1. Output the residue which, of all residues in the stretch 31-42 that are part of a helix (DSSP H, G or I) and over 11 Å from the mean Cα position of the chain (by Cα), is modelled with the lowest pLDDT.
2. Condition first: outside any loop (DSSP other than H, G, I, E, B), β-branched (V, I, T) and at pLDDT below 65. Can you find one or more residues in the stretch 57-64 that meet it?
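The values are calculated or read from the model by the stated rules, or taken from the named source; none is laboratory data. None of these values were measured; they are calculated from a predicted model.
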Amino acid sequence: MNSRNFHNKHLRAQVADPDRIAHGSNSHQNGNHPAFLGNLLVGLATPPMILAVIGSHTVTQSISAISQLSEDLLRGDRLPVLHFPTPPGSN
């Protein structure tokens, strides 16, 4: 009976402590990481990911534009006509 009373008092002390409730209730003692650490990691990883997505989109459009320009440049109607000399006696 004494151990039950001790357990109940200990449980009430944990629940009644507003600092433990506000800071994630003894997360260090359980071996879990605090919640803010996960939020911090997500917050730090988000901007580079957004920049990577925007950058890859820009690179893709740039490569497509360069490809289109090179196709226009090398199209047959814009190339000069080359007159090759015929060797003598081939006529």
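1. Residues of the stretch 31-42 that are part of a helix (DSSP H, G or I), as a first pass: 35-42.
Add one more test, that the residue is over 11 Å from the mean Cα position of the chain (by Cα), and what stays is 35-41.
Working: A35: 85, F36: 88, L37: 90, G38: 89, N39: 92, L40: 92, L41: 92.
For the stretch 31-42, the residue satisfying everything is A35.
2. Within the stretch 57-64, not a single residue is outside any loop (DSSP other than H, G, I, E, B), β-branched (V, I, T) and at pLDDT below 65.
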